[in-house]
1. So if the hydrodynamic radius of the chain is defined as the Kirkwood radius over C-alpha pairs, what does Stokes-Einstein give as its diffusion coefficient at 25 °C and 0.890 mPa s, in µm² per second?
2. Once the piece of chain linking SER115 and SER84 is laid out straight, how much longer is it, given 0.36 nm per residue of separation minus the C-alpha distance between them?
3. Rounding to the nearest 20 debye, state how big the charge dipole of the chain is about its Cα centre with +1 on each Lys and Arg Cβ and -1 on each Asp and Glu Cβ.
4. If each residue of separation counts as 0.36 nm, what is the full-extension length gain between LEU47 and VAL5 once their alpha-carbon separation is subtracted?
5. Can you list the residues, at least 5 places off or on another chain, whose amide H is less than 5 Å from the amide H of PHE67, using H built in the peptide plane?
6. Determine the relative contact order of the chain: mean sequence separation of Cα pairs under 8 Å and six or more apart, normalised by residue count, in whole percent.
7. Restricting to DSSP loop positions (anything but H, G, I, E, B) with no more than 12 other Cβ atoms inside 10 Å of their own Cβ, which chymotrypsin sites (Phe, Trp or Tyr not before Pro) remain in region 23-60?
8. Using 7 Å Cα-to-Cβ label points, what is the ARG19/SER57 separation (nm, one decimal)?
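Derivation of every value follows stated rules applied to the coordinates shown; laboratory data play no part. Worth saying up front: this structure is predicted, and the values here are computed from it rather than measured. Cβ atoms come from the backbone with ideal geometry, glycine included; neighbour counts cover every protein chain shown.
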Amino acid sequence: QVQLVESGGGLVQPGGSLRLSCAASRSIFGFYVMGWYRQVPGKQRELVATISTLGNSDYADSVKGRFTISRDNAENMMTLQMNSLKPEDTAVYYCNGKTYGNDYWGQGTQVTVSS
């Protein structure tokens, strides 16, 4: 079993930046893909960005050019650098890691973009 713990959320003004981190309790090398998802009340959880073990990344159209996902397999850490934040980025952000057979989630961290 592995635990994923997110940190770095908070309140930021539009146009600002935040950096989310996801720390794993053991090696993340076994996660063939990791990702960030977000959810607002009353809506389905949506994919924000993913990154493979080799570092290949993909982004939702709504965040392309503004968000950057990265992972450090040696440090068992994944991050999401969020720039030029918009009010519509407000959500609970979840860290996810997938192995062949299991799907792991963090508890989520709130990001609020408001003036």
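1. 175 µm²/s
2. That works out to 9.8 nm of additional length.
3. 60 debye
4. That works out to 13.3 nm of additional length.
5. Excluding prolines and chain starts, which carry no amide H, the hits are ASN83.
6. On the way: 284 pairs, mean separation 42.7, N = 115.
Over the chain, the number comes to 37 percent.
7. Passing both the DSSP loop test and the Cβ count: PHE29, TYR32.
8. Distance between the two pseudo-spin positions: 1.3 nm.
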